[in-house]
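The values are calculated or read from the model by the stated rules, or taken from the named source; none is laboratory data. Just so we're clear, the structure is a prediction, and the values are computed from it rather than from any experiment. Here the Cβ positions follow ideal geometry from the backbone for every residue, glycine too, while neighbour counts run over all protein chains shown. For the accessible areas, the whole protein counts, side chains as well, though only heavy atoms, and no ligand, DNA or RNA atoms are used. Shrake-Rupley method; radii C 1.70, N 1.55, O 1.52, S 1.80 Å.
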Amino acid sequence: MLNSETKFDSFNHQKSELTELNSKNNIPENNILFNRKNKIDGITLLHSLKAESVKVVFFDPQYRGVLDKMKYGNEGVSRGKDRSSLPQMSFETIENFLIEIQRVLKPSGYLFLWVDKFHLVEGVKSWFNQTPLLETVDMITWNKEKMGMGYRTRRTCEYLVVVQKLPKLAKSTWKIHNICDIWNEKVPKTHPHSKPIELQKVLLQATTDDDDLVCDPAAGGYSVLTACQALKRNFIGGDIQFGE
């Protein structure tokens with residue numbers, strides 16, 4: 001068991017490491033954001049990072065694609081309650097996030113962008129009008145192995161668009177070459193938009209190294225933080241509604 005002096009020394013060491021990370025990324029010392037669940041607006045968080053400082057970004061924009069398209073009439077009750085209560089992003093807000101993501105990503109770094117099937121069919125290209133350095137290079141279908149909403153067909157999948165900042169490079173930026181483009185993973189629902197930790201872990205193993213900086217500016221259930229902790233990656237992220 002640690003005595004109080006040992007605990008104090010450990011805390012100071014951890015605080016020193018966080019302060020050093022903050023200094024490298026031009027974050028004020030009184031904002032210790034790394035490896036924490038931060039309740040903060042994502043744009044503000046991205047503004048705090050210096051240009052080309054992040055290796056990978058995960059982004060799950062909170063939009064009303066499914067709710068608006070399908071109009072179940074169950075908003076505020078039953079299964080639609082949690083989803084409809086989340087703050088929703090406008091097109092302009094998503095575009096502003098992507099502008100900042102382009103700025104903070106290192107050259108050839110990756111953005112993993114979650115979309116639903118309606119945005120997949122209708123396209124998200126217009127989201128990237130202001131970010132010419134970001135180009136789509138791949139996509140992964142996540143089979144959630146459980147039945148979701150739907151009148152005609154029931155939703156069981158979400159889609160992860162793989163975007164790379166120029167210059168586009170493959171071999172030197174992606175280390176694992178047996179990742180299937182259909183990923184099966186059932187996850188417990190800890191958040192209205194719970195995401196697959198094992199998929200996120202293998203993507204981090206493919207695209208990052210120990211101590212690289214990974215960002216999730218709309219973190220929700222903080223599954224990316226959990227993946228980073230397991231792999232010794234540094235996490236910076238937050239959510240406008242969820243955090244400490």
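Key figures for this structure:
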| quantity | calculated |
| --- | --- |
| Peptides ranked, highest mean first, by Cβ atoms within 10 Å: ranges 233-240, 158-165, 178-185 | 233-240, 158-165, 178-185 |
| Theoretical gain in end-to-end length, Val124 to Lys106 [0.36 nm per residue, Cα-Cα removed] | 4.3 nm |
| The range 173-230, Rg to Rh (Cα coordinates; Rh as Kirkwood inverse mean 1/r) | 0.96 |
| Summed residue charge, Cβ within 12 Å of Glu185's Cβ, Lys/Arg positive, Asp/Glu negative | +2 |
| Difference of contour (0.36 nm per residue) and Cα-Cα distance, Lys39 to Lys186 | 50.2 nm |
| Sum of side-chain charges, Leu203 neighbourhood, beta-carbon under 15 Å (Lys, Arg +1; Asp, Glu -1) | -4 |
| Unsatisfied cross-links (Cα-Cα over 30 Å) in the set Lys125/Lys201; Lys106/Lys189; Lys50/Lys186; Lys168/Lys189; Lys39/Lys189; Lys106/Lys186 | Lys106/Lys189; Lys50/Lys186; Lys168/Lys189; Lys106/Lys186 |
| Virtual spin-label span in nm between Glu198 and Thr93, 7 Å along Cα→Cβ | 3.3 nm |
| Additional length obtainable on full extension of the chain from Arg155 to Asp210, 0.36 nm per residue less Cα span | 16.2 nm |
| Within the accessible area of the range 108-244 (1.4 Å probe), percent carbon and sulfur | 52 percent |
| Ellipsoid semi-axes in whole angstrom, largest first, where each is sqrt(5λ) of the Cα gyration tensor of the range 114-215 | 25, 19, 12 |
